[in-house]
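*Asks:* The structure's right below; bear with me while I get my questions together.
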Amino acid sequence: MKAKKAKTKTAREGLFPDVLYLNGTILTMAETPCGAEAVATLGDKIVAVGKKAIIRKMAGPATKVVDLAGKTLVSGLNEPHNHFGVYGIYALRMVNLQSPPLGPVTKIKDLIEVLKEKAGKTPKGEWVGGRGYDDTLMAEKKHPTRQDLDQASTLHPIFITHVSGHLSVANSKALEIAGITKDTVEPAGGVIRKDPNTLEPDGVLEEMPAQALVFRHLPPVTMDLRLEGMGLAARDYLQAGVTSCSDAGVVFPGVGNPSEILAYQRAIKEGLVPIRITMMVGVEYLLGPDGRSPSFVTGFGDDCLKIGPAKIIVDGSIQGYTGWLSTPYYVPFRGDSSYRGYPVTAPEKLNRLVLEAHKAGCQIAAHGNGDAAIDAILDAYELAHKKFPRPDSRHRIEHCQMAREDQLDRMAELGVSPSFFASHTYYWGDRHKSIFMGPERAVRISPLKTALKRGIRFTLHSDCPVTPVSPLFCVFAAVNRMTRNGEVLGPEFRLTPEEALRAVTIDAAWQTFDEKIKGSIEVGKLADFTILAENPLSVPPERIKDIGVREVIIAGKSVYKAD
Ligand SMILES: [Zn+2]
């Protein structure tokens, strides 16, 4: 009697798995490989991993059996530093000014034409926005100026951003609305570039403190636009196989708005975003109005949406000449052979912010590209740990591009975890060598292998929309270190495919304190998987970026399927 009753129970009631995955390669990313051939899930969890013959026997009458047909099932891919929240807004509101292969602009005239066309369709007086221009990929090898943008329109305020996000250009109308003149006092941590002859602003604004002078006049982002943008981002991220991601710019000082957090809550509740989101929240907002009263800290939330680290920007971008270095740039900036970039957050302020956030119990994520910025971040972390010892704080350094070997020693000692923007080697590697860093420093950007040898746990990111979202591309970049011109930059720093894949799965989960619930295919963990057409550990390394994402499973449910 009892047995009969049990037999009629459905999988939903808990006796049988909901889904079995068979006949494919299973990359569990677990610490101890178990020779997994099949996986079973029930609800949002993994309930069995092991031999096919055993797993197959677990099927009940309502269990769905997925035949992987030779495809590869990997623990869900995690994008550890990107700008999911603004990605869609940029795409909806700003025209694409990137250079090939990502956009149409090869010279300043192209850029003007694209903006002119957009202005032609925009009512007079309304803002025209553009994104992603790259000065060193345009024929003139210079930033456009206000005069260039005035050729697109003088009747519309125009505001465009550099591919790095660290510089913007405004036309005369936009400068007028923002009240920026030759007498405007330059805000700390930002630069209002001037025409050397007239001393008038030339339209180029460096770093957020200066960019914010214009940003605050842009039309407000409505909740509807935020939600539409997040839906669009979810679509593109899922296509790239992403099951978890960390938004590295929530409520940024100068441009951010607390409604970004509300938008995430709504987007997830309304089913627009199935991807698990960790929010890196601007440290100033997190610490409250008096700088010492946080109302929530790292970890608050659930496995769909949570507060991640407190985010601090310490310098800018190497390819924008705003990264802060200990020795000068290779090709001097505007003829100044002593120019080394500059801090966006001065060390004294950085130390104070880090100390408060650390004391409050936050994890910290500090953006540092240049080695001088990395020094300042390590100093601040060391100081905070000395004053308030705290084991396993997992403080992060974002991008960490020019980290020196002695800095890796300090990171290992302090338990600091970098998130490397290793795709720099591909997108900017050639120009790092010939323009920004010179041959000696360029070969050792993103020193992945030597970080790994010291036992440092790190992740790999796209910084999307700076580069297109694609954890597989990050793996490709880390494994090959190939530039656009096909040169291998610093072969000794290359990772194996398995090491690189860890940085977008289990180590990315670890970096957000989630290694016990996700990041590998193990019993009891969340059923988040990415199904790939081929196995990234066995295809020729240069083909990893081209592997197709066939399906994405989050919390046991299929949320994306390639046609
Ligand atoms: Zn970023």
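*Asks:* Would you work out which of N480, W428, A53 lies farthest towards the positive end of the dipole of the chain, given +1 charges on the beta-carbon of Lys and Arg and -1 on that of Asp and Glu, about the Cα centre?
*Replies:* Toward the positive end, the furthest listed residue is A53.
*Asks:* Using a Cα-Cα cut-off of under 18 Å, which aspartates and glutamates could be cross-linked to K45, ignoring same-chain neighbours fewer than 8 residues away?
*Replies:* Straight-distance partners of K45: E13, D18, E37, D302, D303, D514, E515, E522, D528, E551.
*Asks:* Can you tell me how much longer the chain between L262 and D67 gets when fully stretched, taken as 0.36 nm per residue apart minus their C-alpha distance, in nm with one decimal?
*Replies:* Between L262 and D67, full extension yields an extra 66.3 nm.
*Asks:* Now, a different point. What FRET efficiency comes out for the pair K359/E31, r = Cβ-Cβ distance, R0 = 35 Å, nearest 0.05?
*Replies:* Here the calculated transfer efficiency is 0.60.
*Asks:* Moving on to the next point. With point charges of +1 on the Cβ of Lys and Arg and -1 on the Cβ of Asp and Glu, referenced to the Cα centre of region 303-392, which listed residue (C362, A372, P391) lies farthest in the positive direction of the dipole?
*Replies:* The Cα lying farthest towards the positive end belongs to C362.
*Asks:* I need the peptides 443-456, 464-477 ranked by packing, meaning the mean over residues of other C-beta atoms within 10 angstrom, with the highest value on top.
*Replies:* Ranking, from highest mean packing down: 464-477, 443-456.
*Asks:* Ok, one more. How many angstrom lie between the C-alpha centres of region 397-419 and region 108-134?
*Replies:* Spelled out, the Cα-based centre of one part sits 40 Å from the other.
*Asks:* Taking only C-alpha pairs under 8 Å that are 6+ residues apart, what is the relative contact order of region 132-212 in percent?
*Replies:* Here the relative contact order equals 28 percent.
*Asks:* Among the GluC sites (Glu not before Pro) in region 239-303, which ones are in a DSSP loop with at most 16 other Cβ atoms within 10 Å of the Cβ? Mind listing them?
*Replies:* E270
*Asks:* Are there trypsin sites (Lys or Arg not before Pro) in region 481-563 that DSSP marks as loop and that have at most 14 other Cβ atoms within 10 Å, and which are they?
*Replies:* Counting only loop positions with at most 14 other Cβ atoms within 10 Å, the trypsin sites (Lys or Arg not before Pro) in region 481-563 are R484, K516.
*Asks:* Then there is this: So which lysines pass the test for K545, namely a Cα distance under 28 Å, with those fewer than 8 places away in the same chain ruled out?
*Replies:* The reachable lysines, counting only those whose Cα sits under 28 Å from K545, are K71, K433, K449, K453, K518, K525, K557, K561.
*Asks:* DSSP loop (so not H, G, I, E, B), at most 14 other Cβ within 10 Å: list which trypsin sites (Lys or Arg not before Pro) in region 205-305 pass both filters.
*Replies:* Loop-located and lightly packed - R216, R292.
*Asks:* For a test of understanding, tell me how many lysine pairs in region 84-215 have Cα atoms under 12 Å apart, given they are 8 or more places apart or on different chains.
*Replies:* Summing the qualifying lysine pairs gives 4.
A short reminder: the numbers here are calculations on the coordinates, not readings from a lab. Quick caveat, the model's predicted, so the values are computed rather than measured. Backbone-built Cβ (ideal geometry, glycine too); neighbour counts: all protein chains shown.
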